[in-house]
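The values are calculated or read from the model by the stated rules, or taken from the named source; none is laboratory data. Computed from a predicted structure; not experimentally measured. We place every Cβ from the backbone using ideal geometry, glycine too, and count neighbours over all the protein chains shown.
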Amino acid sequence: MFDNLLNMIADFFHLIGNTVMGATLIISLFACILITVEAKWKILGTSDYHLKKYLKNLMKYSCIGIGIAILFFIMGMFIAAK
């Protein structure tokens, strides 16, 4: 009974890790495409300074999202390892 509960909790942490990783990937790719289009064609007239600032923020939040996902994966592995 207790082992089944631990496996369910570990699966839940893996599910959260997969969700966070997927959301981070999709949002980062979408933002990268928008920044690339803006840098190439200057549709919105954004300066290079602001594009660089947006790209740095994107990288920072992507790394934070990936770090959180890895943390949930590790927690799930520790719980499942018994």
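Residues are listed down the side, and each one gets a yes or a no for (1) part of a helix (DSSP H, G or I); (2) in contact with a helix residue (DSSP H, G or I) (Cβ under 7 Å, 6 or more places away or on another chain); (3) exposed (fewer than 14 other Cβ atoms within 10 Å of the Cβ):
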position	(1), (2), (3)
ILE27	yes, no, no
ILE33	yes, no, yes
ALA39	yes, yes, no
TYR49	yes, no, yes
LEU55	yes, yes, no
LEU58	yes, yes, no
SER62	yes, yes, no
ILE70	yes, no, yes
PHE73	yes, yes, no
Condition check for PHE12: touching a Gly at 6+ places or on another chain (Cβ under 7 Å), surrounded by 10 or more Cβ atoms within 10 Å (Cβ to Cβ), modelled with pLDDT of 95 or more and of a type outside the set (Val, Ile, Thr): no
